[in-house]
1. Taking only Cα atoms and a 10 Å spring cutoff, compute GNM fluctuations for the chain and point out the largest among 321, 247, 181.
2. Please tell me the relative contact order of segment 174-325 in percent, rounded to the nearest whole number, where contacts are Cα pairs under 8 Å and at least six residues apart.
3. With r as the distance between the Cβ atoms of residue 294 and residue 66 and R0 = 51 Å, compute the FRET efficiency 1/(1 + (r/R0)^6) and round to 0.05.
4. Whole-Hz Karplus ³J(HN,Hα) for segment 51-64, in order, using 6.51 cos²θ - 1.76 cosθ + 1.60 and θ = phi - 60°, x for Gly and Pro?
5. Once a ≥ b ≥ c are taken as the square roots of the eigenvalues of the Cα gyration tensor of segment 174-325, is the result rounded (a/c under 1.5), prolate (a/b larger than b/c) or oblate (a/b not larger than b/c)?
6. Assuming 0.36 nm per residue, please report the length gained on full extension of the stretch residue 234 to residue 56 beyond their Cα-Cα distance.
7. Would you work out the relative contact order for the chain, in percent, from Cα pairs under 8 angstrom that are 6 or more residues apart?
8. Using Cα atoms only, what is the angle between the long axis of helix 300-309 and the major principal axis of the chain, expressed in degrees (0 to 90) to the nearest 10?
Amino acid sequence: MGPARLGPARLLDVLVVSLGSTHGLRVADEQLAEALAGAGASVEIASATPPRPTRTMMLTDLGWARAARAAAQRALERIEPRAIVYSSTTAALLWPRAGAIRFDASCAGNRPGRDGLWQRPLERRRLAQAPLLLPWSAAALAELPAGLARGARPTLVVPVAVEPSGPPATERDIAAITYAANPAKKGLGRVLAAWRAVPREIRGSGELHVAGVGERELRAAGLVAGAGVRIHGSLAREDYRALLRRARVFVCAPRREDYGIAQLEALVDGCQLVSTPAPGPYAALAIARELDPRLVGEQLDSGLCAALSQPRGDYAERALAALAPYRLGAVEELVRDRLPALLLGERPQL
C-alpha cells in the first residue's frame, strides 16, 4: 500500500531520492536533476534528513535507509512520478516503491564482513528488482555480485561530472595537497609518512596542505602533522578548489575508493595525481597511470619525489583530454540522448 494522499497528486516525470550523506552524493544528485531538466523532464529531489550518528556501519546504513524511505514517502504523498531514481543502493534498501538505482559502489564491495551483514542480501534483492541501473562507472557495475551486472535489465553508466573551478593560478606555490575528511579511510597516516620521507632538497620550503580535517580530528586519529604540514580543517568548496588551482600535486592513499571525486577534481584543476593503487571502482586510477605511471604505486614518497622534481610538462593538458568523458557537457549529452527513454519509455512530458 502506498502513502495516503490528502488531495490530487501532482504529476512529475522523475523523482530523485537523494541520500546526500556526502558532498559527492549531493553533487551527483544535483547534476542528474539539472541534466534531466535540460532534457525536458520535470524533476524533483527528495532529500533524506540526516539521522543521528551511530557507532557501527550497520546501524549507520539503517538510519540512512530509513531516512531515504521517509523522504520518498513524503514526496509520494504530494506527487505521482512516472519514474523514481534512488541515489545509492542504501537509499533503495527500504524503498516504498521500486525504481532505478544510481550508485557509486555496492555494499557487496564496500561493506565486507559484519559491516554489511544485513545490507548485502537486501541490496541483491533491490538490484534484481530495479528496472534500471545507473552506475557512476563501469567498474562499479563490474563489482556487483555475479548475475546482477548482466541480464535483461538495462544499465547506463552516468559519471559524475567535474569541471575546472576557475583559471589556473599564476604560480603553483603549494607543493602538495590532500583531502582527508575521514583520516583513516583516506589513508592520511601514509600520506604524512610519505611527505616526511621526501628529501628536504626536493621539498624545499614547500608544504603539504591537508583539507577536510582539523587538529582535533587529527589527534583523535592518533596522527601528528609535523613540520612542513598545514592543516586547514573544513573549507568552503570555493576555498578548497582555489587551493587545488595553486597545488602542484594531489597525494592520497585511500584504503578503498568508491569513485574518487576529489581526485578527479584535482586532475581537472591541473594537479598531478600521486596515489596508491587502492581497491574499488576508483575512476581516476587508470587515468593517473596513463598520465604518469611513476606517480602511482605503494611507495608514495617515490611518486612525490618524481612529481615534485621531474614533472611532465604536458601533464595538465593531457589530463583534461583524458577527462573528456567526465566533463559536464559530455555527461549532459549522455543524459539527454539516452536516459529519458530508459527511465520513461518515451520523451518527457513537456
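1. Highest fluctuation of the listed residues: 321.
2. 24 percent
3. 0.65
4. x, 5, x, 10, 7, 10, 5, 4, 6, 4, 5, 5, x, 5
5. rounded
6. Answer, rounded to one decimal: 61.7 nm.
7. Worked out over the chain, it gives 17 percent.
8. On a 0 to 90 degree scale, this one is about 70.
Each value in this text was obtained by applying a stated rule to the coordinates, not by laboratory testing. In this text the structure is predicted, and so the values were computed from the model without any measurement. Ideal geometry is used to build each Cβ from the backbone, glycine not excepted, and the neighbour counts take in all protein chains shown.
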